[in-house]
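Novice: Sharing a structure, written as structure tokens. Questions coming.
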Amino acid sequence: MQALNPITYTNELRQHYESYFGSTGKRLTLDKGPKEKLHFNFYVLEFQPNQKHNMVSYCTVGMSVDRLDDNLIELVIYSPKSDNALVELLTVCASYHRNVLPLNLHHTVNIGQPWLDNSKCDHAFISLPYLNGQELELFNFTNSIIHCYWLIPITEKERDFHSEKGCEALEQLFEEKQIEYLNPNRDSLVM
């Protein structure tokens, strides 16, 4: 597989997100942390509540810009409020994806801290973007399809449930118990 042109890739991915959300995203980067291990074109876009969603959306831009395998993904996370902690979370995920092990659909991530405030959710699950469908998920770039997946904050017990029962069981649990994915104070769905 041929490396993706980083400037063209990030410009077109930004257009993909802005076209989907119908607004201009705010470009954000960290001043510290693992950013030096990322491609210099990497950043996160923040979208304020808009016609598509009544929540803040954060999207990676350039997470997979120079990958040469089949793990061509970008991540989207939703929040009830603007919070720079989510820029850090997505930057850490992108750094892990680039420098440690590739992330992909149905993987879990140990965040190592609450995703927001004092949340019990200190892990995350990479899911299809059920709120958005393929209109957001599929970013066609040259001869490659990059998947924009949903990063859902979960608890350690939910991560363990995923490890024991599988991704379909976890997603079914989300549906049955109507996961409050925007509520940082939610309890674990697994008791």
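The values are calculated or read from the model by the stated rules, or taken from the named source; none is laboratory data. Please read all numbers here as calculations on a predicted model, not as lab measurements. No Cβ is skipped: glycine too gets one built from the backbone with ideal geometry, and neighbour counts run over all protein chains shown.
Novice: Filter the range 127-155 down to the residues that are polar (S, T, N, Q) and farther than 14 Å from His107 by Cβ and list them by number.
Specialist: Asn132, Gln134, Asn140, Thr142, Asn143, Ser144, Thr155
Novice: If you scan the range 32-60, which residues turn out to be touching a residue at least 40 places away in the same chain (Cβ under 8 Å) and crowded, with 16+ Cβ neighbours inside 10 Å?
Specialist: Hits for the range 32-60 are Pro34, Lys35, Leu38, His39, Phe42, Val44, Glu46, Lys52, Met55, Cys59.
Novice: Next question, about the same structure. Check whether at least one residue in the range 92-102 is surrounded by fewer than 15 Cβ atoms within 10 Å (Cβ to Cβ) and of a type in the set (A, V, I, L, M, F, W, C), and report yes or no.
Specialist: yes
Novice: Do you know which residues across the range 20-33 are closer than 26 Å to Leu182 by Cβ and either among the basic types (Lys, Arg) or touching a helix residue (DSSP H, G or I) at 6+ places or on another chain (Cβ under 9 Å) (or both)?
Specialist: The answer is Tyr20, Phe21, Thr24, Gly25, Lys26, Arg27, Leu28, Thr29, Leu30, Gly33.
Novice: Here is a follow-up. Got a sec? Which of Asp31, Asp66 is out of contact with any strand residue (DSSP E or B) (no Cβ under 9 Å at 6 or more places or on another chain) and either outside any loop (DSSP other than H, G, I, E, B) or under 15 Å from Thr91 (Cα atoms) (or both)?
Specialist: Of the residues listed, the single one that is out of contact with any strand residue (DSSP E or B) (no Cβ under 9 Å at 6 or more places or on another chain) and either outside any loop (DSSP other than H, G, I, E, B) or under 15 Å from Thr91 (Cα atoms) (or both) is Asp31.
Novice: With respect to Leu136, is the statement that it is assigned to a helix (DSSP H, G or I), modelled with pLDDT of 95 or more and over 29 Å from Ser64 (Cα atoms) true?
Specialist: So Leu136 fails the test.
Novice: For the range 169-184, does any single residue satisfy the condition of being part of a strand (DSSP E or B), under 22 Å from Ala94 (Cα atoms) and either aliphatic (A, V, I, L, M) or at pLDDT 95 or above (or both)?
Specialist: No, that holds for no residue.
Novice: Another question, then. Does any residue of the range 93-114 turn out to be without any contact (Cβ under 8 Å) to a residue 60 or more places away in the chain, in a loop (DSSP other than H, G, I, E, B) and of a type in the set (Ser, Thr, Tyr)?
Specialist: no
Novice: Additional query: Can you name the residue in the range 119-152 that is β-branched (Val, Ile, Thr) and under 17 Å from Tyr17 (Cβ atoms) and, of all such residues, is surrounded by the fewest Cβ atoms within 10 Å (Cβ to Cβ)?
Specialist: Looking at residues that are β-branched (Val, Ile, Thr) and under 17 Å from Tyr17 (Cβ atoms), I get Ile145.
Novice: Oh, and also: Looking at the range 64-78 only, could you name the residues that are closer than 17 Å to Asn5 by Cβ and either under 17 Å from the mean Cα position of the chain (by Cα) or of a type in the set (Lys, Arg) (or both)?
Specialist: Ser64, Val65, Arg67, Leu72, Glu74
Novice: Does Thr29 count as at pLDDT below 95, of a type in the set (Ser, Thr, Tyr) and surrounded by 15 or more Cβ atoms within 10 Å (Cβ to Cβ)?
Specialist: no
Novice: Which of the residues belonging to the range 34-63 are farther than 25 Å from Pro102 by Cβ, hydrophobic (A, V, I, L, M, F, W, C) and part of a loop (DSSP other than H, G, I, E, B)?
Specialist: Met55
Novice: Right, something else. Is it the case, given these coordinates, that Pro6 is surrounded by 14 or more Cβ atoms within 10 Å (Cβ to Cβ), over 21 Å from Glu135 (Cα atoms), out of contact with any helix residue (DSSP H, G or I) (no Cβ under 8 Å at 6 or more places or on another chain) and in contact (Cβ under 8 Å) with a residue 60 or more places away in the chain?
Specialist: Spelling it out, Pro6 is indeed surrounded by 14 or more Cβ atoms within 10 Å (Cβ to Cβ), over 21 Å from Glu135 (Cα atoms), out of contact with any helix residue (DSSP H, G or I) (no Cβ under 8 Å at 6 or more places or on another chain) and in contact (Cβ under 8 Å) with a residue 60 or more places away in the chain.
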